[in-house]
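Read through the structure below, which is laid out as structure tokens, and then see the notes.
The values are calculated or read from the model by the stated rules, or taken from the named source; none is laboratory data. Treat the numbers as computed from the prediction; the structure is a model and nothing was measured. FYI the Cβ positions are ideal-geometry reconstructions off the backbone, even for glycines, and counts take in every protein chain you see. With ligands, DNA and RNA removed, areas are computed over all heavy atoms of the protein, side chains included. Shrake-Rupley method; radii C 1.70, N 1.55, O 1.52, S 1.80 Å.
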Amino acid sequence: MEAQQSKDTANASTTGAQRRSVHDPDNGHFRALTLYAEDPDCVKAARDMVGSYLQTWGLAYAVDDARLIVSELVGNVVHHAVPDDCLAMPGVGRRIDVRLMNWPGLLGIGVLDEDSTPPDLPAGEFISPALAGDFVEALLPDRGRGLLIVQRLADAVWWSPGLKGSGKSVWARLDLDRLWAENPA
């Protein structure tokens with residue numbers, strides 16, 4: 001018996017192109033995780049989630065920077081955030097949402113909390129340690145060192161108020177081409 005090509009187009013591809021894998025970075029990816037600040041392992045869970053998904057997406061060269069960024073951002077929520085509607089209610093769980101988004105060439109990390117107080121983003125460049133001489137420790141700010149680390153690792157850092165007037169999101173964007181050039185796998 002001779003095989004014949006079907007004349008039906010119902011099962012045929014309309015574009016003629018092969019279907020791409022869901023793990024193809026050209027498709028973009030999004031993952032989210034909800035944590036609670038009172039969980040002693042919440043920072044580790046966020047780090048592990050980021051590392052796992054970046055490995056799966058073929059972005060191993062971005063894992064170290066992304067894990068450090070998410071550690072600092074989630075740690076800030078754990079140590080500083082007080083939910084707006086829970087100011088007078090001690091013991092209420094503080095929700096943290098971690099968002100990881102990959103587009104071609106970009107990686108976005110967002111940490112959302114229930115405290116609408118703006119973060120203390122460092123204003124700009126500090127004095128070079130070489131200029132400080134024996135007083136290098138005086139150059140470190142009392143607060144905001146975690147966000148300073150995030151600013152040094154990321155290509156952009158910003159925050160936005162929550163959608164319903166409560167809470168905020170702190171975002172970091174990584175340029176994957178830059179990371180690849182610095183850390184080829």
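For the condition surrounded by 12 or more Cβ atoms within 10 Å (Cβ to Cβ) and at pLDDT 95 or above, Ala66 qualifies.
Can you find a residue in region 90-110 that is assigned to a loop (DSSP other than H, G, I, E, B), under 21 Å from the mean Cα position of the chain (by Cα) and either at pLDDT below 80 or acidic (Asp, Glu) (or both)?
The initial filter retains those residues of region 90-110 that are assigned to a loop (DSSP other than H, G, I, E, B), namely 90-94, 104-105.
If we keep only those that are under 21 Å from the mean Cα position of the chain (by Cα) too, we end up with 94, 104-105.
From what's left, either at pLDDT below 80 or acidic (Asp, Glu) (or both): none.
No: zero hits.
Residue pairs whose Cβ atoms lie under 6 Å apart, sitting 6 or more positions apart in sequence or on different chains, and linking a residue in region 21-36 that is open to solvent by 60 Å² or more (accessible area, probe 1.4 Å) to a partner that is at pLDDT 90 or above, are Phe30/Met101; Arg31/Tyr53; Arg31/Leu100; Ala32/Arg99; Thr34/Asp97. Leu73 meets the stated requirement of being under 13 Å from the mean Cα position of the chain (by Cα) and not polar (S, T, N, Q).
Annotation: of all residues in region 151-185 being charged (D, E, K, R) and over 17 Å from the mean Cα position of the chain (by Cα), the one that is least open to solvent (accessible area, probe 1.4 Å) is Glu182.
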